[in-house]
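To keep things clear, I will list the structure first and then write my remarks on it.
The values are calculated or read from the model by the stated rules, or taken from the named source; none is laboratory data. What you see is a predicted model; the values in this text were computed from it and never measured. Don't worry about glycine lacking a Cβ; one is built from the backbone with ideal geometry, like all the others, and counts go over all protein chains shown. Protein only, heavy atoms only, side chains kept; ligands, DNA and RNA dropped before computing areas. Shrake-Rupley method; radii C 1.70, N 1.55, O 1.52, S 1.80 Å.
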Amino acid sequence: MLHHIEIYVSNLSKTNEFWEWFLKELGYVQFQKWDHGISWKHGETYLVFVQAEERYLDVPYHRCRVGLNHLAFHARSKEHVDEITEVLIEKGIPILYQNKHPYAGGKNYYAVFFEDPDRIKVELVAPSMN
């Protein structure tokens, strides 16, 4: 079982503004907060966002480089994916793969894909009907 994931970010304030509503919607609760970081917990697993030091901000994140590609979360249902998609649109957050949405992951894979402020890809996927 995964214990936690820690992600360094370029702007902690923007990151928290982006992630707070989404993680709360998925049942996460704020776990820890300090000057340079915040964590969100669900069950025994938590997600940590830490402000990267200025000296490490010269090379931006890209999901195709070595390292993290994306974070995928469970949705409660297809309707939940649709509800979150609407909130993303209202917030002006672009939906990735719009021409294939909500089946960008395949014909039996109902999900929404989007990016956080550092362009980390995020996925919310409905339970499989198989």
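Results, tabulated for the structure shown:
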{"item": "Residues located in the stretch 9-38, provided they are in contact with a strand residue (DSSP E or B) (Cβ under 8 Å, 6 or more places away or on another chain), assigned to a helix (DSSP H, G or I) and of a type in the set (Ser, Thr, Tyr)", "result": "THR15"}
{"item": "Matching residues in the stretch 35-73 - criterion: being among the β-branched types (Val, Ile, Thr), in contact (Cβ under 8 Å) with a residue 24 or more places away in the chain and open to solvent by 50 Å² or more (accessible area, probe 1.4 Å)", "result": "none"}
{"item": "Residue list for the stretch 79-130, filter: closer than 23 Å to ASN11 by Cα, open to solvent by 30 Å² or more (accessible area, probe 1.4 Å) and of a type in the set (Asp, Glu)", "result": "GLU90, GLU115"}
{"item": "Verdict on ARG76 being assigned to a loop (DSSP other than H, G, I, E, B) and either in contact with a Pro (Cβ under 9 Å, 6 or more places away or on another chain) or open to solvent by less than 40 Å² (accessible area, probe 1.4 Å) (or both)", "result": "yes"}
{"item": "Breaking point among (1) in a strand (DSSP E or B); (2) among the charged types (D, E, K, R); (3) within 13 Å of VAL112 (Cβ to Cβ), for GLU6", "result": "(3)"}
